[in-house]
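The values are calculated or read from the model by the stated rules, or taken from the named source; none is laboratory data. Because the structure is predicted, anything quoted here is derived from the model rather than measured. Quick reminder, even Gly has a Cβ in these numbers, built from the backbone with ideal geometry, and neighbours come from all protein chains shown.
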Amino acid sequence: MEFIMPAFACAAVVFGIIKRVPVFDVFLKGAKEGIMLIYNIAPTLIGLVFAVDLLRSSGAVESLCELIRPAAEALGFPAEIVPMVLLRPVSGSGSTALLTALYQDCGPDSFAGRVASVLAGSSETTFYAIAVYFGCIKIKKIRHTLFAALAADLTAVIMSIITVRLFFY
């Protein structure tokens, strides 16, 4: 299994040599383009990471969760996953940490644990994806994309709850 990547690299080099492609020059050109891509999207990613850390350290996420929690409970929404619902569109690693903590608190087979699992697998880190993809091609107007992506995230939350209720409860 550990030989798959080296074998793939060797196959690519051999294929390039057979096709008479200057393999090393093409590799260097790709590396330069990759560095330029990182250079172009780094400010956006740094800003996004800063905003996420600022929201977490300021307590804004917790305050928003406490505001939403009563409405979520009234709608049959597991209140334990409200922080994950709010953080998932912004930070994949942050929402994964919340998912792990939820597993420890409620258990992975609890209603909240199952809903959170389905949600983690069916939603996207919307703001991160928009920052990377749109920042890469320098698109500034993201209004419609953001609305559609957040609507998809809301749909993922609702369908996660419905799916778990239908199949497990």
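Put simply, of 94, 47, 30 the only residue that is out of contact with any Asp or Glu (no Cβ under 7 Å at 6 or more places or on another chain), in a helix (DSSP H, G or I) and surrounded by 14 or more Cβ atoms within 10 Å (Cβ to Cβ) is 94. For residue 76, the criteria (1) surrounded by 15 or more Cβ atoms within 10 Å (Cβ to Cβ); (2) in contact (Cβ under 8 Å) with a residue 60 or more places away in the chain hold in every case but one, which is (1). Taking every residue in the stretch 26-41 that is without any contact (Cβ under 8 Å) to a residue 40 or more places away in the chain and pairing it with any residue that is part of a helix (DSSP H, G or I) and surrounded by 10 or more Cβ atoms within 10 Å (Cβ to Cβ), at least 6 positions away or on another chain, the pairs with Cβ-Cβ distances below 8 Å are 26/16.
Which pairs do you get when a residue that is on the phi > 0 side of the Ramachandran plot and surrounded by fewer than 19 Cβ atoms within 10 Å (Cβ to Cβ), found in the stretch 123-145, comes within reach of a residue that is at pLDDT below 85 and part of a helix (DSSP H, G or I), reach meaning Cβ atoms under 9 angstrom, with the pair 6+ apart or on two chains? Within 9 Å, the pairs are 138/40.
I'd like to check something: does the stretch 97-112 contain any residue that is touching a residue at least 12 places away in the same chain (Cβ under 8 Å), in contact with a Ser or Thr (Cβ under 7 Å, 6 or more places away or on another chain) and crowded, with 20+ Cβ neighbours inside 10 Å? Scanning the stretch 97-112, I find no residue that is touching a residue at least 12 places away in the same chain (Cβ under 8 Å), in contact with a Ser or Thr (Cβ under 7 Å, 6 or more places away or on another chain) and crowded, with 20+ Cβ neighbours inside 10 Å, so the answer is no. Put simply, of 150, 67 the only residue that is assigned to a helix (DSSP H, G or I) and more than 16 Å from the chain's Cα centre (by Cα) is 67.
Mind checking which residues of the stretch 154-168 are surrounded by fewer than 19 Cβ atoms within 10 Å (Cβ to Cβ) and at pLDDT 90 or above?
Kept after step one, since they are surrounded by fewer than 19 Cβ atoms within 10 Å (Cβ to Cβ), are these residues of the stretch 154-168: 154-155, 158-159, 162-163, 165-168.
Hits for the stretch 154-168 are 154, 155, 158, 159, 162, 163, 165, 166, 167.
For residue 121, state whether it is among the small types (Gly, Ala, Ser), at pLDDT below 90 and either over 16 Å from residue 83 (Cβ atoms) or not in a helix (DSSP H, G or I) (or both).
No.
Residue 18 - would you say it is crowded, with 16+ Cβ neighbours inside 10 Å and either among the aliphatic types (A, V, I, L, M) or under 23 Å from the mean Cα position of the chain (by Cα) (or both)? Against the criterion (crowded, with 16+ Cβ neighbours inside 10 Å and either among the aliphatic types (A, V, I, L, M) or under 23 Å from the mean Cα position of the chain (by Cα) (or both)), residue 18 does not qualify.
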